[in-house]
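A quick write-up on the structure given underneath.
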Amino acid sequence: MRVIDGTHDPALTSWVESANRQGGDFPIQNLPFAVFRRSGSGEPLRCAVGIGDQVLDLALLGAAQPLEGLAARALAACAEPALNCLMALGSEAWRALRQGLSEILRSGSRHAAHAAGALVPQSDAEFALPARIGDYTDFYTSIQHATAVGRLFRPDQPLLPNYKWVPIAYHGRASSIGVSGQEVRRPYGQLKPTGAQEPQLAATSRLDYELEVGVFIGTGNPRGEPVSIGRAEEHVFGLCLLNDWSARDVQAWEYQPLGPFLAKNFATTISPWVVTFEALAPFRSPWSRPDADPQPLPYLDDPALRVLGAIDLELEVALETAAMRERGAPPQRLSRSNFRDSYWSIAQMVAHHTVNGCNLKPGDLLGSGTQSGPGSGEAGSLLELTDGGRRPLALESGEMRTFLADGDRVILRGWCARQGFARIGFGEAAGIVLPAA
Ligand code: MN
């Protein structure tokens, strides 16, 4: 477990004035990492932290060697075009760097004059994927989502018997993961329309989003050496927002017996910002399992999990249609949920993923699976919101939606807020649907 320390003090302010605005995503208590360069510059990519409406260029900052010891080594790793080197250094280094950056950015810091020269407005920055993602695994940790989707695909047996025992996942595709702003061309696939005798190759007519949390692995494990649940969180660098675009008609036809394939691997969009586990320390919640359900096997259970294994992370998805954009109307929120309601925790995902000796590596990405909550309006996909496309959504613009239309822009947002602490946000993960080729 990461500890709450002086970097979380809600009274801290920054000499970067925009970081002190109430309700912003990037106060000094957050310090999320990203990889960027100036828009259109062709400059080398390098690492940064977000502060207010700026990014702090860590390669430029590091050139002046403002830190010492472990923090200096961690800062030096940030001159790289991806976070993998920093991720590989481990949680002591991450904490030391956070401490150092917090001191540099604090009101009254002696480094302010120099560090101000390393600021770039976020509006002038273009972002890249935060890490070289070697492997990507997508879990299925929301029991509400698993039950709702199961009901649509298998009315007789919505929740398969293994669900409450195994943190279910499939190995996804890393090559098609893109950063916020990604364009997603409507994919073709093999699908079998209701009532048709034979399948056909066609552009999907049931394109959907999935509201997920992405988990970046920091330090890996040697092959053959499982990570115990008690140490699992030490291996986690931080979280991002993740949209697992899905072609539901392709999925329905192809998913048995081996699970998702072409219905999912054409695009995945993540936020540019990785909010560290250090920053999330004040927003931990107990993880629990209903008494009537099977309790986790010992390798998936831990006293610390029961105390603070979950994360109180508010999530929402908004839709901006082409018509809204033309009219200058704001995106409309479609649903909201909280990662705290997840049936399986991050530590359980990591412990289960490695229990057979599978090796995780720095920069590997785990998806949480669609986060649908127990309440109405808490469904994390259109499949659930429209009851499998049977009940179209009436938008405030007067338009109707069952699944996504060309020109639709989907925006995921996330934030943590708790009494006595500064609110921190995840920015956004947005992507737009282009017509089929
Ligand atoms: Mn998914």
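The values are calculated or read from the model by the stated rules, or taken from the named source; none is laboratory data. The model shown is predicted, which means the values in this text are computed figures rather than measured ones. Here Cβ is always computed from backbone atoms with ideal geometry, including for glycine, and neighbour counts include all displayed protein chains. Note: areas computed on protein heavy atoms with side chains; ligands, DNA, RNA excluded. Shrake-Rupley method; radii C 1.70, N 1.55, O 1.52, S 1.80 Å.
Among the cysteines of the chain, 85, 240, 358, 416 have no other cysteine beta carbon within less than 4.7 Å of their own. Peptide packing: for 67-76, 295-304, the average count of neighbouring Cβ atoms within 10 Å per residue gives the ranking 67-76, 295-304, highest mean first. In terms of the mean number of neighbouring beta-carbon atoms within 10 Å, the peptides 144-152, 206-214, 183-191 order highest first as 206-214, 144-152, 183-191.
Hey, what angle do you get for helix 91-105 against the long axis of the chain, alpha-carbon based, 0 to 90 degrees rounded to 10? With rounding to tens, the tilt is 60 degrees. Short-range pairs are left out: with C-alpha atoms under 8 Å and at least six residues apart, the relative contact order of the chain is 21 percent. With all protein chains in place and a 1.4 Å probe, the accessible surface of segment 6-128 carries 50 percent carbon and sulfur. Since only 123, 96, 191 are under comparison, the one whose Cα sits farthest along the positive direction of the charge dipole of segment 82-230, derived from C-beta charges on Lys, Arg, Asp and Glu, is 96.
Heavy-atom accessible area per residue, the chain, 1.4 Å probe: how many Å²? The partial results should precede the final answer.
On the way: 17790 Å² over 437 residues.
Roughly 41 Å² per residue, with all protein chains present.
Per-residue ellipticity at 222 nm from helix content only, as computed over the chain with -39500 (n - 2.57) for each DSSP H run of at least four residues, stands at -5000 deg cm²/dmol. Structural descriptor for segment 205-284: relative contact order 34 percent, calculated from alpha carbon pairs under 8 angstrom and at least 6 residues apart.
For the chain, the share of DSSP beta bridges that are antiparallel, to the nearest 5, is 85%.
Computed about its Cα centre, the charge dipole of the chain is approximately 100 debye, with only Lys, Arg, Asp and Glu carrying charge at their Cβ.
Putting +1 on Lys and Arg Cβ atoms and -1 on Asp and Glu Cβ atoms, find which of 348, 383, 416 reaches farthest to the positive end of the dipole of segment 136-434. In segment 136-434, that residue is 383. Packing-based ranking of 315-323, 363-371, 11-19 yields 363-371, 315-323, 11-19, ordered from highest to lowest mean Cβ neighbour count within 10 Å. Over all other residues within a Cβ to Cβ distance under 10 Å of residue 4, the charged ones net out to -1, with Lys and Arg as +1 and Asp and Glu as -1.
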